[in-house]
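Working notes for the structure below.
The values are calculated or read from the model by the stated rules, or taken from the named source; none is laboratory data. Owing to the predicted nature of the structure, the values given are computational and were not obtained by experimental measurement. Methodologically, a virtual Cβ is constructed for each residue, glycine included, from the backbone with ideal geometry; neighbour enumeration extends over all protein chains shown.
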Amino acid sequence: MNIDTEMVDYIAELSRLELQTGEKQAMTAQLEQIIAYMNVLNKLDTTGVEPMSHVFPVKNVLREDEVVPSQDRAELLAGAPVPDEEAFLVPKAVD
Amino acid sequence: MKLTELTALELGAAIKKGEVSIKEAVQAALDAVAVRDKELNAFITVTGEQALDQAEQLQAGVKDAASPLYGVPMAIKDNICTRGVKTSCASKILGDFAPPYDATVTTKLADAGAVSLGKLNMDEFAMGSTSETSFYGPVKNPWDLERVPGGSSGGAAAAVAAGMGWYAVGSDTGGSIRQPASYCGVTGMKPTYGTVSRYGLIAYASSLDQIGPLCRDAADCAAILDVLQGRDPRDGTSLDGQYGNLLGGLTGDVRGLRIGLPVDCYGDGQDGEVKTAVLAVADVLKARGAEVVELSFPVMEYVVPTYYIIAAAEASSNLSRFDGVKYGWRAEEYEGLKDLYCKTRTQGFGDEVKRRILLGTFVLSSGYYDAYYRKALQVKAVIKDAFDKAFQQCDMLLTPVAPTTAPRLGESLSDPLQMYLSDVYTVSVNLAGLPGLSMPCGFDSRGLPIGAQLIGTHFGEGVLLNAAHGFQHDTDFHKRAPKGGDLA
């Protein structure tokens with residue numbers, strides 16, 4: 001796989017990141033080098049090997065559904081960049 | 001004996017006996033911070049007044065203290081949530097984030113009577129091996145100010161080495177506790193995945209992240225893990241186990257212990273002085289009655305790519321939550337909601353974080369998922385299998401922590417791939433969820449510390465700590481401190 005600036009534009013868009021022209025060239029070159037190095041994995045035949053996401057076979061960890069107080073709203077909103085008394089504020093997204 | 005030269009357990013014992021007040025200890029550490037940290041930059045936030053207040057409150061309870069670490073001042077890596085105290089992950093995007101809650105480990109430490117001196121510098125979002133990617137500037141190595149302390153828990157390692165606190169709590173995703181411990185000449189441990197709660201640890205790669213201690217010796221590590229380990233209902237990946245007796249189990253007796261030397265870890269690309277010092281650990285343990293077996297670990301060339309694919313993939317997903325809406329920093333100018341996200345993230349993240357987000361987005365994107373992400377998960381299974389085979393022949397593996405001692409500042413920033421490759425000995429441990437310990441085992445000709453890594457089986461912390469304890473009984477590398485670190 002060759003990484004070109006078109007691909008970098010595409011994944012930057014998915015990542016909600018903007019790269020300036022000079023930055024994009026450097027990032028493209030670095031990602032190309034890194035991905036090329038990662039292709040070493042293709043030397044290893046993994047046919048039939050089950051992908052392993054977790055080392056421990058822990059599945060469906062459940063707990064009792066107990067009612068506990070939630071965080072204080074004012075305290076949570078105090079950490080937001082732009083809140084009002086009861087919500088996080090963002091620019092209008094739907095007309 | 002100067003206060004800052006004591007181990008955490010020695011200081012804890014002196015506090016318990018009334019020989020030292022908690023306030024004196026806090027003041028000694030704060031004095032060291034005042035003298036040393038302008039040049040080292042190990043702390044992002046120092047909570048000195050809070051620590052002195054807390055010292056006074058804790059002093060009243062000394063007689064009833066249960067923990068051997070009661071009253072001992074320490075510090076916390078800046079990616080672990082501390083209620084009301086800035087937790088920035090060394091990033092601009094969380095520059096004004098004061099969490100409304102404590103991480104589980106923060107609570108556990110407070111319950112044990114730990115006094116926090118503040119929050120420690122690190123690579124931004126723990127992404128880096130040198131602590132140079134911090135928004136707050138690079139951390140310097142106390143042994144040589146021209147060199148990096150390692151990363152990402154570089155502030156933690158530098159603080160402990162320089163006497164600015166008796167221990168630190170960091171996180172390790174691919175070596176972020178062990179490698180800086182090695183570069184700074186301290187003892188650090190990444191415990192078995194799932195044995196320490198990740199609740200309140202700001203996620204980098206959730207399947208690999210684990211919290212652990214950086215300290216002066218193996219006994220301190222054991223005592224701190226006794227406090228930190230345990231299942232937490234708030235972390236679904238945390239595991240039940242027999243916790244709390246690591247310190248009590250330390251004997252230093254390694255008779256009959258089988259130490260595996262993976263020949264593939266002593267090949268090319270390694271500094272000769274590092275190799276010699278690490279192999280000398282085997283000789284010391286052999287003299288104490290351990291057996292040494294050479295074995296093959298034929299997956300070394302795959303560990304770094306596998307790690308970086310999985311870590312980047314998880315990072316790209318985890319870091320999508322930083323969008324300038326609910327907490328943290330928001331860009332000043334934007335047009336519309338999407339632009340708010342883009343501008344905030346573009347201006348809020350540094351280069352290395354962006355690189356890993358992009359890499360992770362690529363390996364997860366349609367058309368490349370199977371070739372990279374799925375393939376990496378398959379190779380992860382192969383790596384886990386290689387460890388299983390190795391542990392049929394031995395009880396513990398001995399390897400270097402890093403191929404070299406601490407590099408010069410700036411060397412790694414220009415070549416990210418080269419930096420990734422330096423993680424070759426540590427990342428496989430996270431992929432397999434195993435415990436790994438890093439301890440000082442020598443110094444190179446420039447006077448820089450060399451670290452040895454011990455790798456154990458799942459829940460094998462006790463075996464590693466005991467071997468390290470035995471080694472430290474017969475050697476004094478862990479007792480050496482950099483010049484300027486002994487002020488109190």
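With respect to being polar (S, T, N, Q) and assigned to a helix (DSSP H, G or I), B:SER182 fits the description. Could you tell me which residue of region A:7-44 is surrounded by the fewest Cβ atoms within 10 Å (Cβ to Cβ), considering only residues that are more than 27 Å from B:ASP323 (Cβ to Cβ) and more than 7 Å from chain B (Cβ to nearest Cβ)? Checked region A:7-44; the qualifying residue surrounded by the fewest Cβ atoms within 10 Å (Cβ to Cβ) is A:LYS43. Being aliphatic (A, V, I, L, M), part of a loop (DSSP other than H, G, I, E, B), touching a Gly at 6+ places or on another chain (Cβ under 9 Å) and modelled with pLDDT of 95 or more holds for only one residue in B:LEU454, B:LEU434, B:LEU464, B:LEU397, and it is B:LEU434.
Name the residues in region B:379-401 that are within 11 Å of another protein chain (Cβ to nearest Cβ), hydrophobic (A, V, I, L, M, F, W, C), touching a helix residue (DSSP H, G or I) at 6+ places or on another chain (Cβ under 7 Å) and within 26 Å of B:PRO180 (Cα to Cα), would you? If the condition is that a residue be within 11 Å of another protein chain (Cβ to nearest Cβ), hydrophobic (A, V, I, L, M, F, W, C), touching a helix residue (DSSP H, G or I) at 6+ places or on another chain (Cβ under 7 Å) and within 26 Å of B:PRO180 (Cα to Cα), then B:ILE383 is the only one that fits.
Scanning region B:90-110 for residues that are away from chain A (no Cβ under 14 Å), free of Cβ contacts under 8 Å to residues at least 24 places away in the same chain and not polar (S, T, N, Q) turns up just one, B:ALA110. In region B:21-43, which residues are surrounded by fewer than 22 Cβ atoms within 10 Å (Cβ to Cβ) and part of a loop (DSSP other than H, G, I, E, B)? Within region B:21-43, B:SER21, B:ASN41 qualify. Within the set B:PHE349, B:PHE362, the sole residue that is over 24 Å from the mean Cα position of the chain (by Cα) and crowded, with 20+ Cβ neighbours inside 10 Å turns out to be B:PHE362. Across region B:310-357, the number of residues qualifying as among the acidic types (Asp, Glu) and under 28 Å from B:ASP370 (Cβ atoms) comes to 2.
This table checks each residue for (1) at pLDDT below 95; (2) under 23 Å from B:GLY12 (Cβ atoms).
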residue: B:MET164; (1), (2): no, yes
residue: B:SER176; (1), (2): no, no
residue: B:LEU201; (1), (2): no, no
residue: B:VAL254; (1), (2): no, no
residue: B:GLY269; (1), (2): yes, no
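Quick check on B:SER67: is it more than 21 Å from B:ILE224 (Cβ to Cβ) and not in a strand (DSSP E or B)? Against the criterion (more than 21 Å from B:ILE224 (Cβ to Cβ) and not in a strand (DSSP E or B)), B:SER67 does not qualify.
Applying a threshold of 7 Å to beta carbon distances and a minimum spacing of six or more residues, or different chains, the list of pairs starting in region A:46-62 at a residue that is of a type in the set (S, T, N, Q) and ending at one that is in a loop (DSSP other than H, G, I, E, B) reads A:SER53/B:SER207. Residue-level check: of (1) out of contact with any Lys or Arg (no Cβ under 6 Å at 6 or more places or on another chain); (2) over 22 Å from B:LEU69 (Cα atoms), B:TRP166 misses just (2).
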